[in-house]
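The values are calculated or read from the model by the stated rules, or taken from the named source; none is laboratory data. No experiment lies behind these values; they were computed from the predicted model shown. Note that each Cβ is placed from the backbone with ideal geometry, even for glycine, and that neighbours are counted across all protein chains shown. When the accessible area is computed, the model is the full protein with side chains, heavy atoms only, and any ligands, DNA or RNA have been set aside. Shrake-Rupley method; radii C 1.70, N 1.55, O 1.52, S 1.80 Å.
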Amino acid sequence: MYFVAGVLAVMAAVLHVYIWVLESFRWTAPKTLATFGTTRDEALATREMAYNQGFYNLFLGIVSLAGVIALIADEKPVGAALVFAGCGSMVAAGLVLLLSSRDKARAAVTQLTLPLLAILALLVAVL
């Protein structure tokens with residue numbers, strides 16, 4: 001089950017790295033505007049906030065990937081702690097988005113599903 005948890009955590013991390021690219025470097029691009037349902041004027045007004053938020057997504061991805069690397073290196077306690085921290089934060093952020101912006105429910109569910117599945121698989125592996 002560690003393998004399944006690791007695959008799901010990597011997938012969650014890759015998604016969050018992709019979100020980092022969108023928020024930090026492509027925030028005002030037409031496809032990104034459509035993805036986030038925002039206008040060019042809104043994107044220009046929130047560019048600095050999005051840049052910063054994107055890096056949060058990058059760091060969560062890095063923490064989760066570091067956990068998977070530790071799991072592969074047979075450092076199970078360290079790896080599990082990092083995956084739980086990274087993926088748990090992704091789930092928490094997705095829940096915040098879901099509860100604060102009902103119109104962003106699809107984005108929130110997309111953001112939290114893979115890390116939630118990784119956490120559940122890792123719980124099965126650990127227990």
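In deg cm²/dmol and to the nearest 500, what is the mean residue ellipticity at 222 nm of the chain if only DSSP H runs of at least 4 residues count, each as -39500 (n - 2.57), divided by the residue total? The helix contribution divided over the chain gives -29500 deg cm²/dmol.
Length gained on full extension, Tyr51 to Ala105: 17.3 nm, using 0.36 nm per residue less the C-alpha separation. Projecting label points 7 angstrom from Cα along Cα→Cβ for Ala85 and Ile62 puts them 1.2 nm apart. What you get for segment 31-127, charging only the Cβ of Lys and Arg (+1) and of Asp and Glu (-1), is a dipole of about 240 debye around the Cα centre.
Taking the 1.4 Å solvent-accessible surface of the chain as the whole, the part contributed by carbon and sulfur is 71%.
Using the 1.4 Å probe convention, the accessible area of segment 45-127 works out to 57 Å² per residue with neighbouring protein chains retained. Our analysis of the chain gives Rg over Rh at 1.03, with the two radii drawn from alpha carbon positions and Rh computed by the Kirkwood formula.
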